[in-house]
Every structure is written in C-alpha cells, then in structure tokens.
C-alpha cells in the first residue's frame, strides 16, 4: 500500500464493470485544481449497459473542488440515463456536497422555450381560480373578525388602531396637501385655457369645485394612500410572515386577523373621509390661485361661484368614494402582506402587488359607483 507521500500528484480514474452490470469508478491520486484532467471522460461511458453506479476511493490521497466537478458531471449523466447512483464509497464531505447539489435543481429560465399559448391560458385560469378562492376566504375571515368585534370578542388592541389613525391621517397631510393642491391647480389651468376663449372664465370655479369634490379629491387621496399606507401594510405584514411572527400568533391562539388586520383596516377606513375633505379644500385652493392670478377673478367671486356649483350630493358622492377606497386600500395591503411568501423577494412582490391591486380596485369601484349615481340621479 502506498503512503500519502508516495501517492501520484495527478488524479486518476478507472472504470470497472462488475458481473451484475454495475459500474465501479475507482479514484486514485490527488485531485486538485493543479492536476491534469483524467484521460477517460464520462461521456465515453455506455450508460445503457450500466445498472448501477458505485465509487471506490481507497487510493484517493487528496481532493478539492476539481473532484466535485468531475463527480457532479458523472452523476448528472448517470441520473439523466436513469442509472441509480450510490454515494456510499465517496468521502463523507464529497458525498454530502453532491447530495446537496442534486437536491437543489438548476434555475432554468429560457425565454425562447415558453409554454404553448393554450398551456399559459390554462395556467392563468387555474391561478385566477386559486387567487379568487383565497381572496374570498380572506374576506370571510375579516367578516368573522368584524362579527367578533361587534360582539366584543375580538382580540384587538385599540392602541394599534390609534397608531394607524395617526400614521394614515396627520402624517399623510404633507403629501396629500401637495398632490391635491397641484391637481386642483392643473385642473383649473386646463379649464381656463378653453373657457377663456368664450369669455366664461368664472366657470372655472364650477369645473374645479365639482371635479375635485365629487371625484378627483377622493381618487387622488386613494391613489396616494395606496402607494403610501397600503404598501406599508403589505411590507409590515409580509416581514412578519417572513420572520414567522404570524405563525407565532396562531400558535399562541391569537387571531392574526383580529390582532393585525382589523386595526389597520379600521384606522385607514375611518381616516379616509377626513383626508378627502382636506383634499377637497386644498384642490379648491389650487383652483382659486389660478382664478385669481391668471383669470383676474376676485377671491370672493370665486368662492361664491364654487358654493353655488357644488351641492351636498357632490360632497356625499366624494365621501362615499373615499370610504370605499379606504376599505379597498387597507384590504389589498393586508391581504398581500398576510399571503406573502417566506423570503425578502416575496416581501417586495407583495408590496408591489398591493399597490397594483389597490389602484385596479379603485378604478373598478369608481366606474361602478359612477354608473350607480347616474342610475339613481345623484
């Protein structure tokens, strides 16, 4: 038997076929990155005649990643040909690394080999069905949570509701002020260009007042809160899902819907009408600025025209929209956060998805409520 000092420097490999059809790979020498490749390559093996692959490392003096590369290629070819691989004869470290490499498949994403259109349509339909069932189930959980809240059995901390009210209300005033003021200013400027051609500059007050109070104020607040608060809800709950905090709540018998979802939905839904009223004020101030500086209208004249144009029905429609938007934005953020995956990438996807879902729901709900208002004559 050769001592390690007398072992050959370059690794060697020899293939022996047993009577039962199994192939034994005999490895010898030192397999390191400085050595030459073995003369016998795995591609020369006739795998159709091999029943099982074994390894013999009695003559192996040393090894590093070069041996793992060779063995991994050999094992991949054997498994591709349907030949079982027995790793018992390898060093323990090499066997564990090869088993780990076989357990994690390669990430294959070839845009040139995409599934057929019908297959993608079927996958989309199945995914839509699952998502619908999951969303309906989440709506049911929230409904049961509201029933428990009404009967005084909900596991809710009102202090959390107050924190959400502050976060979604006063803390959001700066961005709501900026967006609403600019929207009112832009709406008045666009209307002024056309109305000035007919000498009807005073009707800019009607345009801005009705547009902001009835639709645009609530819509802009909804979009801002979707990108600000709804995304924050998704990120917070998604991070808790990654850290397994939600699982801990369930283990302790605490309902995540009662403890995490209801405070956020109640806080944002309650604050949305107040934010809408504030946005209406800022939007009309933006229109007033254009009317006074660009159209030479008096401030009192603009105010009286706005008061005459905007009715209680317009304000009621805007407040109804804002209330519905609060429910939809908080629902989307909490739903995407609770249903988040277990990685940081999933948290990012949940945050993005919550904003997209919120905006789509806002548009759909606005269309439905507008049609209903037209039917009812509001």
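So, residue 250, is that one closer than 23 Å to residue 142 by Cβ, in a helix (DSSP H, G or I) and touching a helix residue (DSSP H, G or I) at 6+ places or on another chain (Cβ under 8 Å) or not? Judged against the criteria, residue 250 is a match.
Which numbered condition in (1) surrounded by fewer than 16 Cβ atoms within 10 Å (Cβ to Cβ); (2) farther than 30 Å from residue 208 by Cβ is the only one that residue 267 fails? If we test residue 267 against (1) surrounded by fewer than 16 Cβ atoms within 10 Å (Cβ to Cβ); (2) farther than 30 Å from residue 208 by Cβ, just (1) comes out false. Among the residues of region 159-187, those identified as farther than 30 Å from residue 295 by Cα, in contact (Cβ under 8 Å) with a residue 12 or more places away in the chain and either part of a helix (DSSP H, G or I) or in contact with a strand residue (DSSP E or B) (Cβ under 6 Å, 6 or more places away or on another chain) (or both) are 160, 161, 162, 163, 164, 165, 167, 168, 172. Here residue 43 does not qualify as at pLDDT below 75, surrounded by fewer than 10 Cβ atoms within 10 Å (Cβ to Cβ) and either touching a strand residue (DSSP E or B) at 6+ places or on another chain (Cβ under 7 Å) or more than 17 Å from residue 69 (Cα to Cα) (or both). The set of residues in region 114-142 being assigned to a helix (DSSP H, G or I) and more than 24 Å from the chain's Cα centre (by Cα) consists of 117, 118, 119. Tallying residues that are within 14 Å of residue 203 (Cβ to Cβ) and in a loop (DSSP other than H, G, I, E, B) within region 295-326 yields 3. Within 30 Å of residue 195 (Cβ to Cβ), surrounded by fewer than 16 Cβ atoms within 10 Å (Cβ to Cβ), more than 35 Å from the chain's Cα centre (by Cα) and at pLDDT 90 or above - does that describe any residue in region 310-333? Within region 310-333 (the criterion being within 30 Å of residue 195 (Cβ to Cβ), surrounded by fewer than 16 Cβ atoms within 10 Å (Cβ to Cβ), more than 35 Å from the chain's Cα centre (by Cα) and at pLDDT 90 or above), the answer is yes, since at least one residue qualifies. Has region 329-337 got at least one residue that is assigned by TED's automatic domain parsing to the domain that holds residue 237 and closer than 24 Å to residue 213 by Cβ? So far as region 329-337 goes, yes, one or more of its residues are assigned by TED's automatic domain parsing to the domain that holds residue 237 and closer than 24 Å to residue 213 by Cβ. Scanning region 364-378 for residues that are surrounded by 13 or more Cβ atoms within 10 Å (Cβ to Cβ) and part of a helix (DSSP H, G or I) returns 365, 366, 369, 370, 373. Number of residues in region 49-98 that are over 42 Å from the mean Cα position of the chain (by Cα), under 12 Å from residue 23 (Cα atoms) and surrounded by 17 or more Cβ atoms within 10 Å (Cβ to Cβ): the value is 4. For region 334-359, a residue qualifies if it is surrounded by 16 or more Cβ atoms within 10 Å (Cβ to Cβ) and outside any helix (DSSP H, G or I), and the qualifying residues are 339, 340.
The values are calculated or read from the model by the stated rules, or taken from the named source; none is laboratory data. The structure presented is a predicted model; accordingly, all values stated were derived computationally and were not measured. Neighbour counts run over all protein chains shown; Cβ positions are idealised from the backbone, glycine included.
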